[in-house]
Amino acid sequence: MQDSPTPKIRLRGLRKAFGPKQVLDGVDLEVRARHSMVILGGSGSGKSVTIKCILGLIRPDAGVIEVDGADVTRLNRRDRAALMDRMGMLFQNGALFDSIPVWENVCFKLLAQRRISRAQARDHAAEALAQVGLAASVGDLSPAELSGGMQKRVALARAIAARPDIIFFDEPTTGLDPIMGAVIDGLIVDCVERLGATAVSITHDMASARRIGDDAAMIHGGRIVWTGSAEALGRTGNAMVDQFANGEREGPIRMELRK
Amino acid sequence: MSAVLDVVATLGRAVLGALARIGRLALFAGEALSCLVRPPFALRQFRQQFIEIAYFSLPVVALTALFTGMVLALQSYTGFARFNAESAIASVVVLSVTRELGPVLAGLMVAGRIGAAMAAEIGTMRVTDQIDALTTLSTDPMKHLVAPRLLAATLAMPLLVIVADIIGVMGGFLVAVFKLGFVAQAYLDATFDVLELMDVVSGLVKAAVFGFVVALMGTWCGYNSRGGAQGVGQATTTAVVASSILILALDYVVTAAFFSE
Ligand SMILES: Nc1ncnc2c1ncn2[C@@H]1O[C@H](COP(=O)(O)OP(=O)(O)OP(=O)(O)O)[C@@H](O)[C@H]1O
Ligand SMILES: [Mg+2]
């Protein structure tokens, strides 16, 4: 595998405000093709908003979003749909459809694109569920009957079922036990290394970040304040990143707590 | 002077805000309608919604119509008791039910049952990111959620109103014959003498319009809900109140269009 010179995703000057609150204040970021990027940052720093902007779910106030070198902020309906066909997203809260059973959730995109029939979908769902450590019988349950961690894993299976080219994971291992977390990390690495996908993950778990990330970026104050190798997290030499990665109270990042 | 300007500015802002909202609603409706002519169509969703609206609303609508017809017969008897009572009561019942009360009461019932459910379901999907998830799963939420509901409600309401018409007239008939002691055949003859095709047609047109309005307000309020359980509750209330008011207002508009020469 060789690196292509154009980054898979490039953000330039991305800005987004909700009312008076400037959440993104000029985000610049490059994600290499067939690599895994981990985004770090405090709670409420705009990580989820950033990837929702890339997906076109939130319209940024200003800035350029390029995918494969082409600006995607002003696509028409058909081109946006074609782009969406190549992307996958694991939402922070799972966002499973509670009106349909788990198996239909997992195969939703394949069914929507008519790549498989409803008869094939059950078997396909069973395979996808096995990958995230769930029994085939889970497929017949409704999402409301699952535990939080199980919902997360079903949502993950749904996000990768259609083999997307670009995958976004919003806190993939939050709420999972450590062993299952490691299994899921392995699955994400698999998507990148075996299937050649490009992954962007948000995580608060440093061990997980080092396992799944090639590169890492830290967002703070509406900007990317650091990018570097994920392996070096915790000893990067950047005071802010090291404080965050090691979870120290004292450092350049001040939590806005009222004393 | 500045106080006057303040009032004018406030009024202007309110008017502009309302106009902007109406514009967005129109765009929303236009987008949903365009989904009905662009394949692929969400047939499963349409069928599910159609059954939910047409079939499961039958008991409520039928009961409402039955009692309305019965009350109409009883009420008009006090007024028309002296002479020619059969034909007077029969025509009051059949004309009020087919032209007005059938479609309006069925519309209000469906607004409470279906409009509320649509707003709550779609609103919950909005605040739990399920609508965004649809988009990432190669499914247009307008096509998957909104368009089937609009079409199903618009087609199901006239069917419901046909049933309501029949049952409402039957309610009046039962009271006239078994309580007021009229001759069954004479009452029926009087009913069909006075009834014209236009009465039924105008009622069915109203029904289709009301069905569209209920589904439009339900999906629109749900689609634009914000901020968790409270936002969904608010969306549901707004959907029911707005569609009920619109039903009564549009009832006047359609009546005027049909019956003003
Ligand atoms: N739809 C919205 N409307 C208004 N404000 C929003 C909206 N979405 C996000 N925000 C605000 O944007 C900020 C960033 O939110 P975001 O969800 O991106 O945080 P995050 O970095 O993902 O945090 P976490 O790690 O807790 O998930 C928050 O302060 C939030 O209040
Ligand atoms: Mg988040």
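Please go through segment A:147-174 and pick out each residue that is within 16 Å of ligand 1 (Cβ to nearest atom) and away from chain B (no Cβ under 12 Å). Give the steps one after another, and end with the answer.
First, the residues of segment A:147-174 that are within 16 Å of ligand 1 (Cβ to nearest atom): A:148, A:152, A:155, A:168-174.
Passing the criteria: A:Gly148, A:Lys152, A:Phe169, A:Glu171, A:Pro172, A:Thr173, A:Thr174.
Every residue, every condition in (1) more than 21 Å from the chain's Cα centre (by Cα); (2) modelled with pLDDT under 90, yes or no:
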| position | (1), (2) |
| --- | --- |
| B:Leu5 | yes, yes |
| B:Gly23 | yes, no |
| B:Ala26 | no, no |
| B:Leu33 | no, no |
| B:Phe41 | yes, yes |
| B:Ile51 | no, no |
| B:Gln75 | yes, yes |
| B:Arg82 | yes, yes |
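Taking only pairs six or more apart or across chains, which ones have beta-carbon atoms under 8 Å, a first residue in segment A:78-100 that is within 8 Å of another protein chain (Cβ to nearest Cβ) and over 16 Å from B:Gly228 (Cα atoms), and a second residue that is in a helix (DSSP H, G or I) and among the aromatic types (Phe, Trp, Tyr)?
A:Phe97/A:Phe108
Name the pairs: first residue in segment B:152-163 and closer than 13 Å to B:Ala215 by Cβ, second residue assigned to a helix (DSSP H, G or I) and basic (Lys, Arg), Cβ to Cβ under 9 Å, at least 6 apart or on different chains?
B:Ala152/B:Arg47; B:Met157/B:Lys206
Does A:Val192 satisfy the criteria of being within 14 Å of A:Val31 (Cα to Cα) and among the aliphatic types (A, V, I, L, M)? Working first, answer last.
Values: within 14 Å of A:Val31 (Cα to Cα): yes; among the aliphatic types (A, V, I, L, M): yes.
Judged against the criteria, A:Val192 is a match.
Only helices (runs of 4 or more DSSP H) wholly contained in segment A:141-259 count here; list those with 1 or more residues that are within 16 Å of ligand 2 (Cβ to nearest atom) and surrounded by 18 or more Cβ atoms within 10 Å (Cβ to Cβ).
On the way: elements: A:148-160, A:178-193, A:206-212, A:239-246.
Qualifying helices (runs of 4 or more DSSP H): A:148-160, A:206-212, A:239-246.
Out of the residues in segment A:113-133 that are assigned to a loop (DSSP other than H, G, I, E, B) and within 14 Å of another protein chain (Cβ to nearest Cβ), which is nearest to the chain's Cα centre (by Cα)? Before the answer, list the steps.
Start the filter on segment A:113-133 by keeping residues that are assigned to a loop (DSSP other than H, G, I, E, B), which leaves A:113-117, A:132-133.
Imposing the further condition that a residue be within 14 Å of another protein chain (Cβ to nearest Cβ) reduces the set to A:113-117.
Values: A:Gln113: 22, A:Arg114: 25, A:Arg115: 24, A:Ile116: 25, A:Ser117: 28 Å.
Of everything passing the filter in segment A:113-133, A:Gln113 is nearest to the chain's Cα centre (by Cα).
Can you pull out every residue in segment B:202-237 that is hydroxyl-bearing (Ser, Thr, Tyr) and either buried (at least 20 other Cβ atoms within 10 Å of the Cβ) or under 13 Å from the mean Cα position of the chain (by Cα) (or both)? Quick ask: steps written out before the conclusion?
Here is the first cut: in segment B:202-237, the ones hydroxyl-bearing (Ser, Thr, Tyr) are B:202, B:219, B:223, B:225, B:236-237.
Hits for segment B:202-237 are B:Ser202, B:Thr219, B:Tyr223, B:Ser225, B:Thr236.
Regarding A:Leu110, is this residue within 13 Å of chain B (Cβ to nearest Cβ) and either of a type in the set (Asp, Glu) or part of a helix (DSSP H, G or I) (or both)? Step through it out loud before you land on a result.
Values: within 13 Å of chain B (Cβ to nearest Cβ): yes; either of a type in the set (Asp, Glu) or part of a helix (DSSP H, G or I) (or both): yes.
Taking the combined requirement at face value, the residue satisfies it.
Name the single residue, out of those in segment A:54-84 being out of contact with any helix residue (DSSP H, G or I) (no Cβ under 8 Å at 6 or more places or on another chain) and within 24 Å of A:Val154 (Cα to Cα), that is surrounded by the fewest Cβ atoms within 10 Å (Cβ to Cβ).
A:Ala81
Give me the residue from segment B:115-131 that is touching a Phe, Trp or Tyr at 6+ places or on another chain (Cβ under 9 Å) and in a helix (DSSP H, G or I) and, out of that set, farthest from B:Asp251 (Cα to Cα).
Applying the filter and picking the extreme gives B:Gln130.
Within the set of pairs 6 or more residues apart or between chains, which connect a residue that is more than 8 Å from chain A (Cβ to nearest Cβ) inside segment B:117-134 to a residue that is not in a helix (DSSP H, G or I) with Cβ atoms less than 6 Å apart?
From segment B:117-134, the pairs are B:Gly123/B:Ser225; B:Arg126/B:Ser225.
Taking B:Met170, is it surrounded by 24 or more Cβ atoms within 10 Å (Cβ to Cβ) and part of a helix (DSSP H, G or I)? Reasoning before the result, please.
Working: surrounded by 24 or more Cβ atoms within 10 Å (Cβ to Cβ): no; part of a helix (DSSP H, G or I): yes.
Answer is no for this residue.
I need a count of the residues in segment A:59-107 that are assigned to a strand (DSSP E or B) and under 19 Å from A:Leu14 (Cα atoms). I'd like the intermediate steps shown before the answer.
If we filter segment A:59-107 for residues that are assigned to a strand (DSSP E or B), which is where we start, we get A:62-67, A:70-71, A:87-90.
Keeping just the survivors that are under 19 Å from A:Leu14 (Cα atoms) gives A:62-67, A:70-71.
The number of residues fulfilling the criteria is 8.
Determine whether A:Gly94 is within 14 Å of the chain's Cα centre (by Cα), of a type outside the set (A, V, I, L, M, F, W, C) and more than 16 Å from ligand 1 (Cβ to nearest atom). It would help to see each step written out before you state the result.
Details: within 14 Å of the chain's Cα centre (by Cα): yes; of a type outside the set (A, V, I, L, M, F, W, C): yes; more than 16 Å from ligand 1 (Cβ to nearest atom): no.
No, not satisfied.
How many residues are away from chain A (no Cβ under 14 Å) and over 17 Å from B:Ala29 (Cβ atoms) when one looks only at segment B:135-174? Break it down stepwise before answering.
Going residue by residue through segment B:135-174, those that are away from chain A (no Cβ under 14 Å) are B:146-147, B:150-174.
Add one more test, that the residue is over 17 Å from B:Ala29 (Cβ atoms), and what stays is B:156, B:158-174.
Number satisfying all stated conditions: 18.
Which one of A:Lys47, A:Lys8, A:Lys16 is under 19 Å from A:Val241 (Cβ atoms), in contact with a strand residue (DSSP E or B) (Cβ under 7 Å, 6 or more places away or on another chain) and buried (at least 20 other Cβ atoms within 10 Å of the Cβ)? Talk me through it step by step, then tell me what you get.
On the way: A:Lys8 fails: under 19 Å from A:Val241 (Cβ atoms); A:Lys16 fails: under 19 Å from A:Val241 (Cβ atoms).
The match here is A:Lys47.
Can you tell which of B:Gln48, B:Gln75 is polar (S, T, N, Q) and within 27 Å of B:Cys221 (Cα to Cα)?
Residue meeting the stated conditions: B:Gln48.
Considering only segment A:134-146, I want to know if a residue exists there that is more than 14 Å from chain B (Cβ to nearest Cβ), among the charged types (D, E, K, R) and either closer than 23 Å to A:Asn246 by Cβ or away from ligand 1 (no atom under 16 Å from the Cβ) (or both).
Yes, because at least one residue in segment A:134-146 is more than 14 Å from chain B (Cβ to nearest Cβ), among the charged types (D, E, K, R) and either closer than 23 Å to A:Asn246 by Cβ or away from ligand 1 (no atom under 16 Å from the Cβ) (or both).
Please go through segment A:4-50 and pick out each residue that is β-branched (Val, Ile, Thr), within 16 Å of ligand 2 (Cβ to nearest atom) and away from chain B (no Cβ under 14 Å).
The answer is A:Val23, A:Val27, A:Val38, A:Ile39, A:Thr50.
Go through segment A:35-56 and report how many residues are near ligand 1 (Cβ under 10 Å from one of its atoms) and under 17 Å from A:Val72 (Cβ atoms).
If we filter segment A:35-56 for residues that are near ligand 1 (Cβ under 10 Å from one of its atoms), which is where we start, we get A:39-53.
Subset that is under 17 Å from A:Val72 (Cβ atoms): A:49-53.
Residues that pass the stated criteria total 5.
Quick one: which of A:Asp215, A:Asp242, A:Asp185 is acidic (Asp, Glu) and farther than 22 Å from A:Gln92 by Cβ? I'd like the intermediate steps shown before the answer.
Values: A:Asp215 fails: farther than 22 Å from A:Gln92 by Cβ; A:Asp185 fails: farther than 22 Å from A:Gln92 by Cβ.
Of A:Asp215, A:Asp242, A:Asp185, the one residue that is acidic (Asp, Glu) and farther than 22 Å from A:Gln92 by Cβ is A:Asp242.
Condition check ((1) closer than 21 Å to B:Pro40 by Cα; (2) modelled with pLDDT under 90; (3) not basic (Lys, Arg)) across all residues:
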{"site": "A:Pro60", "(1), (2), (3)": "no, no, yes"}
{"site": "A:Ala82", "(1), (2), (3)": "yes, no, yes"}
{"site": "A:Arg86", "(1), (2), (3)": "yes, no, no"}
{"site": "A:Gln92", "(1), (2), (3)": "no, no, yes"}
{"site": "A:Phe108", "(1), (2), (3)": "yes, no, yes"}
{"site": "A:Ala125", "(1), (2), (3)": "no, no, yes"}
{"site": "A:Ala128", "(1), (2), (3)": "no, no, yes"}
{"site": "A:Gly133", "(1), (2), (3)": "no, yes, yes"}
{"site": "A:Lys152", "(1), (2), (3)": "no, no, no"}
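The values are calculated or read from the model by the stated rules, or taken from the named source; none is laboratory data. The shown structure was predicted, so the numbers you read here are calculated from the model rather than taken from an experiment. With ideal geometry, Cβ positions are generated from the backbone for all residues, glycine too; neighbour counts draw on all protein chains shown.
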